[in-house]
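The values are calculated or read from the model by the stated rules, or taken from the named source; none is laboratory data. These numbers were taken from a predicted model, which means no experiment stands behind them. For neighbour counting, all protein chains shown are included, and Cβ atoms are generated from backbone atoms with ideal geometry for every residue, glycine included. Calculation scope for accessible area: heavy atoms of the full protein, side chains included, ligands and nucleic acids excluded. Shrake-Rupley method; radii C 1.70, N 1.55, O 1.52, S 1.80 Å.
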Amino acid sequence: MVHINWGLIGCGWVARDYVAPAMQAAGNGRLVGLCDPNQAAMARVAAATPGVACFNSVDALLAMPELDAVYIATPNHLHAPLVEAAARAGKHVLCEKPMATTMADARRMVQACESARVQYATAFDQRFQARHQRLRQLIADGRLGTITSIRIHYACWTPGDWRPQSDDGNYDNWRVDPTRAGGGAFIDLAPHGLDLSQVLLGERLVEVACLMQRRVFHYPVDDGAALVGRFAGGALLTLNVAYNCPDAFPRRRLEVIGTAAMALAHNTMGQTPGGTLQLIHSHGEAEEISIAPTDDCSPFQTQLERFSQCLLEGRPFPFLPAHDLHTMELLSGVSANHLTTENTENARS
Ligand SMILES: NC(=O)c1ccc[n+]([C@@H]2O[C@H](COP(=O)([O-])OP(=O)(O)OC[C@H]3O[C@@H](n4cnc5c(N)ncnc54)[C@H](O)[C@@H]3O)[C@@H](O)[C@H]2O)c1
């Protein structure tokens, strides 16, 4: 086997704009099957993928004998049943974040994959952004000294009738539906910062607290959240996520502060390559960290290639399900302090 045959379940925004193009570009994988009940959405991905098979039912896709693995890119509440179905069919799984809408679902997903002896990973593309990978190495090499804190601001503008720029139909904005999304800006955006900060430091967060708001929009989920956390070694995390931040503002910012240097990453968090990474040394000098254009490729492509390579070589993907379950535990622990009408409505006045 020289490549992995992928199926894509869910052909909406992230699948159409990022996952399917990454599968086409990846050297060791190819997209062979699609499934989406929305025919128009599936047709758009199929039009850009010559020869791909299209299915209305997940079971029909999973019955393709040549299929090795699936990428799940559906609304959040469907991650669990779809991962379980894929595991039953003996297919490896990359599943979009957040892993699930409940801790119980997340545990069942991992259990199903372990029982079926297939690999499971949550698709945290930002781990594979070239500047994040370089930053991880700089931290591991001690170039920043002792890390004292990480500050992240990761936000966007998501009104109730939001739709992706590339959508050409009547978009169903499930992100503001608590049943299908599991929450609002918090559940959608905070997993990225929690995961990325732990990956950069190579340390677990041991404690996280959170306050949520519903400040600008009237939908039944939070439109912003402020989290603080502490890593096992004592560094602190400050993480702000929001749906109520105009897109024109600087809103994708990552700072890692150490005793020898501070790293500033702008516009590296998200779905795309690019952005900037700078070190400010404690003696005051600034150093731009450059990435060779050939290394600056889609984080989705790098992720798919690394996962596919592990499957081809029969070795575990280095980001184990236990790490993702830990992040889910942090999320579900703080969402117990959930958004209520009392603790947010006043804040709007
Ligand atoms: N990593 C990232 O940066 C990133 C970015 C966007 C979305 N996401 C995640 O990706 C997932 C999808 O988000 P999106 O923005 O693409 O949503 P979307 O609404 O644009 O697309 C979801 C698609 O799933 C399809 N679908 C619904 N039920 C299905 C089923 N039973 N079987 C197959 N397909 C089904 C819908 O018809 C739709 O086409 C979410 O979990 C989201 O959190 C991640």
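Values computed for the structure shown
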read-out: Index of the failed condition, P98 passing every other in (1) assigned to a helix (DSSP H, G or I); (2) open to solvent by less than 60 Å² (accessible area, probe 1.4 Å); (3) within 16 Å of the ligand (Cβ to nearest atom); value: (1)
read-out: Count - residues of segment 134-149 that are in contact (Cβ under 8 Å) with a residue 12 or more places away in the chain, open to solvent by 10 Å² or more (accessible area, probe 1.4 Å) and not in a loop (DSSP other than H, G, I, E, B); value: 8
read-out: Selection count where residues are in contact (Cβ under 8 Å) with a residue 24 or more places away in the chain, farther than 23 Å from P81 by Cβ and not in a strand (DSSP E or B), scope segment 24-45; value: 7
read-out: Conditions (1) closer than 28 Å to S290 by Cβ; (2) in a strand (DSSP E or B): number failed by P250; value: (2)
read-out: Residues satisfying the stated conditions in segment 1-17, i.e. in a helix (DSSP H, G or I) and crowded, with 21+ Cβ neighbours inside 10 Å; value: A15, R16
read-out: Count - residues of segment 302-325 that are open to solvent by 30 Å² or more (accessible area, probe 1.4 Å) and either assigned by TED's automatic domain parsing to the domain that holds A20 or in a loop (DSSP other than H, G, I, E, B) (or both); value: 5
read-out: In segment 46-93, the residues that are among the hydrophobic types (A, V, I, L, M, F, W, C), within 11 Å of the ligand (Cβ to nearest atom), part of a strand (DSSP E or B) and crowded, with 23+ Cβ neighbours inside 10 Å; value: V70, I72
read-out: Selection status of F128, in contact with an Asp or Glu (Cβ under 7 Å, 6 or more places away or on another chain) and within 17 Å of T327 (Cβ to Cβ); value: no
